[in-house]
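Nothing in this text is a laboratory measurement; each read-out follows from the coordinates by a stated rule. Given the structure is predicted, the values throughout are model-derived calculations rather than measurements. Counting neighbours? That spans all protein chains shown, and the Cβs are built from the backbone with ideal geometry, glycine included.
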Amino acid sequence: MKFLHLVWKSLMRSKRRTFLILCTLILSVFLITILQSLLATLDAVSNKPTEGNRFVVRHKSGLTQFLPISYGEYLRQQPEVLAVANSQWFGGYYQDPKNFFANFANDETTMFQVFSDRISGLTEAEIKEYQRDRKGCIVGQILADKYGWKVGDTIPLTGTIFPMSPQLTIRGIFKGRMASEENTLYFHYKLLEEGVQFMKGKTGAFWIKTKTSDDIPRVANRIDTHFANSPVETMSEAENAFYLTFVKMLGNIGAIIHGVTIAVLIAITIVTVGTMSMAIKERTTEIAVLRAMGFSRARVLFLLMAEGLLLVTLGGALGIGLASLVAKILREILGSALIFLQDFRLANETILLCMGMALIIGFISTIIPALAATRRSIVEGLRAL
Amino acid sequence: MSQPTAPIIHIQSLAKSYFRETLEIPVLQGLDLDIPAGGFYALMGPSGSGKTTLLNLIAGIDRPTGGLLEVCGSNLNQLNDDELASWRNENIGFIFQNYNLIPVLNAFENIELPLLLTSLTRAQRKEKVEEVLSLVNLMDRRENYPRQLSGGQEQRVAIARAIVGNPKVLVADEPTGALDAKNADEILEMMQRLNEEFGKTILIVTHDPKAANCARHQVHLEKGILDKTVEVNR
């Protein structure tokens, strides 16, 4: 500890240089942390934990087209199918367009079988009360907490896609596995059909639960074959693949993020190596003086390494802190518009990865000039004025 | 006032060569010299005579290529790098021509540096640093950084740093070379005091006859060979 003061003073030798390299480190670590966290969040969305035996049937042409609700009869007849829930993204907001969150019109009975992993914590009585009340809805815990809602409250929802603004009564508050699941509201599908003329007999998708996950490829293939060459063809896909279609809309995000990360890493390594080399080289005489005083090579190496590592630790910690702050802001501001951002936070693995990368950069950029400086003879160092 | 006693520096057939690729350049050749504890020696000679090399060897910052070199009871040839570093910290105090203070540390912190390698507590270090600051009359400048000190003051800080660990031997390479006459006199007086009152063995390399006359002995080197040793009548 008695050397910490010396290390700190040496680091602050050129305040401008230290400030600039620190800013570079902070920005680089921030960028890498945010990008890697974004990738991790997208991965989590596309690899969302499911019950394994759920898949979705949608219009072959895309998510904005509807399927006849009558298709549900055929789906239910399949021997491997346990339950079918028709579902439609409603896209409404609460009071103000800023209060946007996920809201769906779903089959009020089968949804509890199909999404038993996503919706939990409701009592039998609450479920029955919801199913009984055509204008009832259930909301996730996070959403209820955010707006201070409780069971029995009336929620006016203003449609943005459909010309309908239902007044819904909260009949239950459920728990989910992820923040995005608890930021959701469900109401009766029949209410949508009644309120929107063109939706009568139509649905955006069918969610299907099979007896086993092994059944999915067979049933999915059978369904798509059955409706092939009909006026409305279907596209059946696993739940994760369905989420992935949203992600793929953004292009090959993974390759772009990894590319940018590598470019930033290379750039920051070059900058840090240059800075540390310069910082150590200009102290050649000082290092010789320290060694003449009795500081061993190992001790001087330790001091120089401590200086480099302290710099990257500071830069890394501040960069991660900044990323954490920005992640929170993104979650709060854009979370309602981009659902996957509701679960956007810095994973411990990402933080460790970024901190580790920062330390490796610090180590590499310091060890080379530090070794060169300590290997130089004292006499040679004293001459280097 | 301490009297010179048994040799604290014993040099026998000392040789030092530098190598430029395969070419051997001898700097010191078969040098014999004994310096008693408490002695004050000035190493003199023309440029290239080997006086700084001899000083560096005695101070343990360079290695001889041959001969025996015993300083403060240790055969320096037998010490490895780490042992030699520790030995320097305990036995040698350096004073450089350009002071070589660490610019980011203030006077107090510069002087404290050699003590960081010891097991002294912070309070003990503070006590020792203040003691030497008083000795060099710089108590009021303890918080000043090197850039805020005059050349003479910087050299006094360097002297304080050299003596704070209470080394037996002080080595100084042209200690007055960068100072004006007044400051040079002050530094030389201080070195004489350290020799006479505190019994420090002092070796200085100098071209300055005035500085050389402050020593008790002058060692003249010529082309790496000991030419003569002269006692100074002060």
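Yes/no matrix, rows are residues, columns are (1) surrounded by 22 or more Cβ atoms within 10 Å (Cβ to Cβ); (2) at the interface with chain A (Cβ under 8 Å from one of its Cβ atoms); (3) under 30 Å from B:TYR145 (Cβ atoms):
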{"position": "B:PHE40", "(1), (2), (3)": "yes, no, no"}
{"position": "B:GLY66", "(1), (2), (3)": "no, no, no"}
{"position": "B:ASN77", "(1), (2), (3)": "no, no, no"}
{"position": "B:GLU109", "(1), (2), (3)": "no, yes, yes"}
Those residues that are under 24 Å from A:GLN95 (Cβ atoms) and in contact with a Ser or Thr (Cβ under 8 Å, 6 or more places away or on another chain), I need them from region A:184-221; list them, please.
A:TYR189
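To keep it simple, each residue is scored yes or no on (1) part of a loop (DSSP other than H, G, I, E, B); (2) basic (Lys, Arg).
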{"site": "A:MET276", "(1), (2)": "no, no"}
{"site": "A:LEU304", "(1), (2)": "no, no"}
{"site": "A:LEU309", "(1), (2)": "no, no"}
{"site": "A:LEU325", "(1), (2)": "no, no"}
{"site": "A:LYS328", "(1), (2)": "no, yes"}
{"site": "A:LEU346", "(1), (2)": "yes, no"}
{"site": "A:LEU353", "(1), (2)": "no, no"}
{"site": "A:GLY356", "(1), (2)": "no, no"}
{"site": "A:PHE363", "(1), (2)": "no, no"}
A:GLU286 over 24 Å from A:LEU42 (Cα atoms), within 14 Å of chain B (Cβ to nearest Cβ) and under 35 Å from the mean Cα position of the chain (by Cα)
no
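Conditions tested, residue by residue: (1) within 18 Å of A:HIS5 (Cβ to Cβ); (2) in contact with a Phe, Trp or Tyr (Cβ under 9 Å, 6 or more places away or on another chain); (3) charged (D, E, K, R); (4) surrounded by 16 or more Cβ atoms within 10 Å (Cβ to Cβ).
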position: B:ASN56; (1), (2), (3), (4): no, no, no, yes
position: B:ASP81; (1), (2), (3), (4): no, no, yes, no
position: B:GLY93; (1), (2), (3), (4): no, no, no, yes
position: B:LEU120; (1), (2), (3), (4): yes, no, no, yes
position: B:LEU138; (1), (2), (3), (4): no, no, no, yes
Looking at B:LEU120 and the list (1) under 24 Å from B:GLN12 (Cα atoms); (2) more than 9 Å from chain A (Cβ to nearest Cβ); (3) free of Cβ contacts under 8 Å to residues at least 12 places away in the same chain, which single condition is not satisfied?
(1)
Test A:LEU185 against the criterion of being crowded, with 21+ Cβ neighbours inside 10 Å and within 25 Å of A:GLN65 (Cα to Cα), and give yes or no.
yes
Is it the case that region A:9-16 has a residue that's polar (S, T, N, Q) and either without any contact (Cβ under 8 Å) to a residue 60 or more places away in the chain or within 14 Å of chain B (Cβ to nearest Cβ) (or both)?
yes
Return the only residue of B:ILE187, B:ILE204 being under 19 Å from B:LEU43 (Cα atoms), assigned to a helix (DSSP H, G or I) and of a type in the set (Val, Ile, Thr).
B:ILE187
